[in-house]
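Please read the structure below before turning to the comments.
The values are calculated or read from the model by the stated rules, or taken from the named source; none is laboratory data. Remember, it's a predicted structure, so these values are computed and weren't measured experimentally. Neighbour counts are summed over all protein chains in view; Cβ atoms, including those assigned to glycine, are modelled from backbone coordinates with ideal geometry. The accessibility values were calculated without ligands, DNA or RNA, using every heavy atom of the protein model including side chains. Shrake-Rupley method; radii C 1.70, N 1.55, O 1.52, S 1.80 Å.
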Amino acid sequence: MKEAIRRRAHDLGFDDCRFTTAAPPESAPHFQNWLANHLHGEMAYLEGNAHKRIEPQKVLSLAKSIITLAAGYSPRNDEMSRTLHAPRSTLHSGTVARYARYEDYHEVLGSRLKQLSELLNQIGGPGTRSLWYVDTGPLLERDLAQRSGLGFIGKHTNLISRRLGNWIFLSEIITTLQLEPDEPETNRCGSCSRCIAACPTNAITAPFRLDARRCISYLTIELKGSIPVELRPAIGDRIYGCDDCLAVCPWNRFAREGELMRAHAREDLAAPDLLPLLSLDDAEFKRRFAGTPILRAKRRGLLRNVCVALGNVGDETALPALEKAAADPEGLISEHARWAIEQIRSRIRI
């Protein structure tokens, strides 16, 4: 039964498929402590459904098994030896996290998870129920993935696969179907601390402990308000997410390009020119980023990030666009544009 499911998962494009029970994750106390220390920042949804994350039976009554799946998005081999950031296409290029340089993975993976769930229900027969999630469900997916043997949680708190590195999308199916669990993976970080040293904002405060409030991915995506002034310089040219802790992981030497995501790459998002982005109105923003993860940031969030990036890497030629942005009726954009203008002018004065 497991092999039939695994074969179907591979046929659908997933790079790995593992099985575990629907028992509560052993790491639940660590998650609760993380929340109690407010290290999740403004991600209130994590607190709101915490009771489900630590008890899968509250997600699906009578659940017996959880299937964890991985779809790789490793860059091509010729890219692995290049700089962590995409080559600059213009003086004012920005950097987008690798996972967001594709069509929205929620859609790409979701349609395939639906098909796999239907197979589970057919195998289980009448009364079998299965729910699928692509990082949107109330499950501690990395903990479950480690328990299923898909990979191990690294010191940067992301999952690392010995076969796929850490450039992977995770998804799960929780089901009432009884399936034999696979052996869990053990941590294989050893004494390596490259990810901790690589973090631009020191968000990895200790091995396996992330202060999301300092993480550039949180600051440029999850945070809806103003980015703390003291953290803006460390953001550099990043306008959506950050890959630095992932990129330095030595396990990536075994990574290979994921077949499923390759066809959904958006080359225009590798190193976008920042200045034209500042001129986007809401309709243009939605058209430009339709079907991509960047749509989640909304116009106000992305242009806020663009202003910060220009404040860090821009020169006097960026000032006209920033001055126009400083008059934007959206206060979040105008405030960050004014900061960027001052940063550039201070460099000119020097």
Given (1) part of a loop (DSSP other than H, G, I, E, B); (2) in contact with a Phe, Trp or Tyr (Cβ under 6 Å, 6 or more places away or on another chain); (3) buried (at least 19 other Cβ atoms within 10 Å of the Cβ), N187 misses just (3)
The number of residues in the range 124-168 that are of a type in the set (S, T, N, Q), under 16 Å from F31 (Cα atoms) and touching a strand residue (DSSP E or B) at 6+ places or on another chain (Cβ under 6 Å) is 2
So, first residue in contact (Cβ under 8 Å) with a residue 24 or more places away in the chain and over 13 Å from L139 (Cβ atoms) in the range 12-29, second residue open to solvent by less than 20 Å² (accessible area, probe 1.4 Å) and part of a loop (DSSP other than H, G, I, E, B), Cβ within less than 7 Å, six or more apart or across chains; the pairs are D15/L164; D15/G258; D16/L150; D16/L164; R18/G149; R18/L150; F19/L179
Per the list (1) surrounded by fewer than 17 Cβ atoms within 10 Å (Cβ to Cβ); (2) part of a helix (DSSP H, G or I), residue check on V108 breaks on (1)
Scanning the range 303-347 for residues that are farther than 21 Å from A97 by Cβ and touching an Asp or Glu at 6+ places or on another chain (Cβ under 6 Å) gives S334
Conditions (1) of a type outside the set (S, T, N, Q); (2) outside any helix (DSSP H, G or I); (3) open to solvent by less than 20 Å² (accessible area, probe 1.4 Å); (4) farther than 17 Å from V59 by Cα -> L120 fails only (2)
Pairs returned, first residue in the range 103-125 that is farther than 27 Å from R296 by Cα, second residue that is in a helix (DSSP H, G or I) and open to solvent by 30 Å² or more (accessible area, probe 1.4 Å), beta-carbon separation under 6 angstrom, 6 or more apart or interchain, are L119/R8
Within the range 246-264, of all residues that are in contact with a strand residue (DSSP E or B) (Cβ under 7 Å, 6 or more places away or on another chain) and open to solvent by less than 30 Å² (accessible area, probe 1.4 Å), the one modelled with the lowest pLDDT is G258
Restricting the range 200-212 to residues that are touching a residue at least 40 places away in the same chain (Cβ under 8 Å) and surrounded by 21 or more Cβ atoms within 10 Å (Cβ to Cβ), the one farthest from H30 (Cα to Cα) turns out to be I204
In the range 36-50, anything within 21 Å of L219 (Cβ to Cβ), surrounded by 15 or more Cβ atoms within 10 Å (Cβ to Cβ) and either touching a Ser or Thr at 6+ places or on another chain (Cβ under 6 Å) or aliphatic (A, V, I, L, M) (or both) is listed as L39, M43, L46
